[in-house]
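Down below is the structure, laid out as C-alpha cells.
The values are calculated or read from the model by the stated rules, or taken from the named source; none is laboratory data. All values reported here derive from a predicted model rather than from experimental measurement. Note: ideal-geometry Cβ built from the backbone for every residue, glycine included; neighbour counts use all protein chains shown. Surface accessibility is based on the protein's heavy atoms, side chains included, excluding ligands, DNA and RNA. Shrake-Rupley method; radii C 1.70, N 1.55, O 1.52, S 1.80 Å.
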Amino acid sequence: MLRIDLEGHFQEKIDREERIEAKDWMPEAYRKTLIRQISQHAHSEIVGMLPEGNWISRAPSLKRKAILLAKIQDEAGHGLYLYSACETLGIDRDELLNELHTGKAKYSSIFNYPALTWADMGAIGWLVDGAAIMNQIPLCRTSYGPYSRAMIRICKEESFHQRQGYEIMLTLSRGSTVQKNMAQDALNRWWWPSIMMFGPNDSDSTHSAQSIKWKIKRFSNDELRQRFIDMTVPQAELIGLKIPDPDLKWNEERKSYDFGKINWDEFWNVVKGNGPCNKQRLRDRVKAHEDGAWVRDAAVAYAEKKRSGRVN
Amino acid sequence: MNIHSQHKIDYLLYLADTALILGQRLGEWCGHGPVLEQDIAMTNISLDYIGRSRLLYQYIATLTESDEDRLAFLRDEREFKNVLLAEHPNVDFAYTVARQFLLEAFHFPYYSELKNSSDLQLAAIAEKTVKETAYHLKWSAEWMIRLGDGTEISHQKIQTALNELWSFTGELFDPADYETFMLQESIAPDLNSINKSWKEKVQQVISEATLTMPENQWMQSGGKQGIHTEAMGFILTEMQYMQRSYPGLTW
C-alpha cells in the first residue's frame, strides 16, 4: 500500500511539472531508465571525441585547429557534467565506464561511422550536433533535476557547435570544385546516419511510452526526426547542397517534408556492433583507460599519503 | 631585408614554432587521456599554445607580408626553429608531464622577463602568456610530484622520463645568434638569469617529488637552427597535409 502511495505521489509531482531531485523517492525503474539514458549520453560525448579528435592534427588552418580543439574540449566537459548527474543516482563513474568498456552500455551509433575528410568536421557539427540539439532541447525540461540542469548548459554549447559546423560547410560550398564535392560527399555519407540518431520509429521504440509518462522524454522519436528534417533541408538548399534522398519532397498539406525509407537494417547492424568503427572506437576507449590506470593509481596513492600526513 | 629584421624574424619564429609544435603534440592526447579531467587539462594547454603561436605568427606576418597559415603550413622542416624538447613524442603520460614541466619551468621566468621587452608587441604577447604559463606550471609541477611520490610504478616512470628528456634541456639556455642579437637590442631576455630561476624551480619540484636530479650529461641541440629529430618530419606531414594537398584554398 505504501509503495502505491509513493508512486502516486511521485507521478503527481511529475504531472505538476515539479523536478525530481537526487534525494527524492523514485521508482526503481525510473532510476534505472535515467541511469541508462544519462550514461549513454555521457558515453556518447566521450566516444564522440574520437572521430573529431582524429582531425585535430590535420586541421587546415590554425583558426580551425583552435576551434576544433575547443569544441572537443566542450564535449569532454559535457561528459563530465553527465557522469556527475548520473552519479547522483547512486552509481559511480568507474562502474559506468566499466559498462561502456565491456559493451554492456551503449553510446550513440553515429560515432561508429568514420570521419574521412575535413568536410566531415562540418557535417558532424551541422548534422550530428544539430540532431543532438533537437533531441536535447526538450531534455532541458526533463523531470529529473540534475539531468535537466546539465542539459541547459550543454544545449547552449551544442548550438554553437552546430553553427560552427554549418559555417565549415558554407565555406566549402563557396570554395573550389574540390571543396564543394568534399562537402556534398560528407553530406551524402552523414545524412542517413544523422536522421537515424532519433532512434527507431515510434511503433518500434521499446522505452518511449513510459519515458513520456515520466516526462523524461517530451516528444517521440518520429516527431523530433521530422522537425530536424524540416529545419535542415532549407539549410542545405541555402548553401547549394543536395540532400541524398530522391523521395524528399515538400508536403503542402502536412507543411512538412516527406522523406524516403530509412534503412533500419543498417541501423540495427551498427547498434549490434557491425558499424565501420564500432570495434575501433571501443578499443581506443579501453586502451586510454587501461594505459591510464597507473596514473589514476598514482593520484590515489599520493592523495592517501597526503591525508595520512606522511607528506607535508 | 636587413640583418636586424632577419634576426628578429628568426627569433619570433623560434618562439612561435616552439608554441605550435608543443600545442600540436599535446593535442594528440585529446580523447585518449588517462582520466577525463586530465584529457581536458591537456587540451586546454594545447589550446593556449596554439593561441600563442597564432599571436606570434600574426606578428611575424606583419613584418614579412605573409600570413599565419602560410607560416605554419607552408614552411619546410629546416625552416622550423622550435626547440627539440617541444617535438619529443608524447610516449606516455609521464613523458608528457616531464616535457611540460621542464618547458613551463623555463617559460614562466622567460615570459615574465619578456614582458619588459623593448618590443612592445612582444611585451603585450608576453603579458598574456605569463598568465597561462602560471597555470601550466602549476599543473605540470603538481603532476611531477603526484607521479614521483605516488606509487612505485609511477615513480619509476617519471624518473625514466625525466632522465631521458634532460638531455634536451641544455638547448633552452644555449642562445642562437638571433637570440644574442635580440638580447643586445633588449628585445629578448638574458638566458643566464632565466637559467638560475629554472634550476631553482626544477630542483625544488624534483625534491618534493622524491625524484633524483638527472646526472650532468651531453646536451642535444639543433632545433633553434632548424636541425630537428626524426619525429619532426612526421609532425609536419600530418599538420601540413591539407595545405600541401590543396594549395591556395580558403578553409
Summing -39500 (n - 2.57) over every DSSP H run of at least 4 in chain B, dividing by its residue total and rounding to the nearest 500, the 222 nm mean residue ellipticity is -22000 deg cm²/dmol
1/(1 + (r/R0)^6) with r = Cβ-Cβ of B:Gln225 and A:Leu248, R0 = 45 Å, i.e. FRET efficiency to nearest 0.05, evaluates to 0.15
Note, region B:156-164: 3J(HN,Hα) by Karplus (6.51, -1.76, 1.60, θ = phi - 60°), whole Hz, Gly/Pro = x, goes 5, 5, 6, 5, 4, 4, 4, 4, 6
Treating only Lys and Arg (+1) and Asp and Glu (-1) as charged, each at its beta carbon, one finds that region B:1-99 has a dipole about its Cα centre, in Debye to the nearest 20, of 260 debye
Computed over the Cα atoms of region A:196-312, the Rg and Dmax in Å are 23.6, 76
For the pair B:Gln6 and A:Asp202, the simple spin-label estimate (label points 7 Å beyond Cα toward Cβ) gives in nm 7.5 nm
Along principal axes, largest first, the alpha-carbon spread of region B:197-241 in whole Å comes out as 43, 21, 18
With Rg from the Cα atoms and Rh as the Kirkwood inverse mean 1/r over Cα pairs, the protein assembly as shown has an Rg/Rh of 1.02
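Let me confirm the definition first: pairs of Lys residues in region B:3-245, 8 or more apart or on different chains, C-alpha distance under 13 Å. How many are there?
Working: B:Lys8/B:Lys81; B:Lys81/B:Lys224; B:Lys115/B:Lys128; B:Lys115/B:Lys131; B:Lys138/B:Lys201.
Step by step, the pairs that qualify in region B:3-245 add up to 5.
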Averaged over the residues of B:146-156, the number of partner chain Cβ atoms within 10 Å of each residue's own Cβ comes to 6
With +1 on the Cβ of every Lys and Arg and -1 on the Cβ of every Asp and Glu, the dipole magnitude of chain B about its Cα centre, in debye rounded to the nearest 20, is 240 debye
A:Leu116 and A:Phe160 label points (each 7 Å along its Cα→Cβ direction) are spaced in nm at 3.2 nm
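For chain A, calculate the relative contact order in percent as a whole number, restricting contacts to Cα pairs under 8 Å that are 6 or more residues apart.
Numbers: 332 pairs, mean separation 56.1, N = 312.
This gives 18 percent for chain A.
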Scoring region A:48-141 by relative contact order with C-alpha pairs under 8 Å, at least six apart, yields a percentage of 31 percent
Check: C-alpha center region B:213-251 vs C-alpha center region B:102-137, spacing in Å is 23 Å
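With contacts defined as alpha carbon pairs under 8 Å and 6 or more residues apart, what's the relative contact order of chain B in percent?
Values: 321 pairs, mean separation 63.9, N = 251.
So the answer I get is 25 percent.
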Rounded to whole angstrom, the alpha-carbon centroid of region A:149-196 lies from that of region B:69-88 at a distance of 31 Å
Once A:Asn263 and A:Glu223 are pulled to full extension, the length gained, defined as 0.36 nm per residue separation minus their Cα-Cα distance, is 12.6 nm
Highest GNM mean-square fluctuation among B:Lys81, B:Lys196, B:Lys157, for chain B with Cα springs under 10 Å, belongs to B:Lys196
Rounded to a whole number, the mean other protein chain Cβ count within 10 angstrom for residues of A:50-56 is 4
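Could you report region B:3-245's accessible area per residue, 1.4 Å probe, as an integer in Å²?
On the way: 9480 Å² over 243 residues.
Accessible area per residue, region B:3-245: 39 Å².
Give me a single rounded figure for A:64-73: the average over its residues of other chain Cβ atoms within 10 Å of their Cβ.
On the way: counts 3, 12, 9, 1, 3, 10, 5, 0, 7, 9.
The shielding value for this peptide is 6.
What accessible area, summed over both chains, is buried at the B-A interface (1.4 Å probe, Å², nearest 100)? Write out the running numbers ahead of the final one.
Numbers: alone 12050 and 16240 Å², together 24390 Å².
Chains B and A together bury roughly 3900 Å² of accessible area.
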Carbon plus sulfur, as percent of the 1.4 Å-probe accessible area of the protein assembly as shown, comes to 53 percent
Under 17 Å by backbone N from the virtual spin label 7 Å along Cα-to-Cβ at B:Asn192, the residues of region B:157-175 are B:173-175
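If you put +1 on each Lys and Arg Cβ and -1 on each Asp and Glu Cβ, how big is the dipole of chain A around its Cα centre, in Debye rounded to 20? Walk me through the numbers before you get to the answer.
Working: 46 positive and 42 negative charges, 183 e Å.
The dipole magnitude comes to about 880 debye.
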For A:Lys180, the aspartates and glutamates lying under 16 Å Cα to Cα, once residues fewer than eight places off in the same chain are dropped, come out as A:Asp120, A:Glu167, A:Glu237
B:Glu208 and A:Arg153 label points (each 7 Å along its Cα→Cβ direction) are spaced in nm at 2.8 nm
Per the charge dipole of the protein assembly as shown (beta-carbon charges, Lys/Arg positive, Asp/Glu negative, Cα centre), the residue among B:Leu47, B:Trp29, A:Ser159 reaching farthest to the positive end is A:Ser159
Out of B:Ala161, B:Ala16, B:Ala231, a Gaussian network model of chain B with alpha-carbon springs under 10 Å gives the largest mean-square fluctuation to B:Ala231
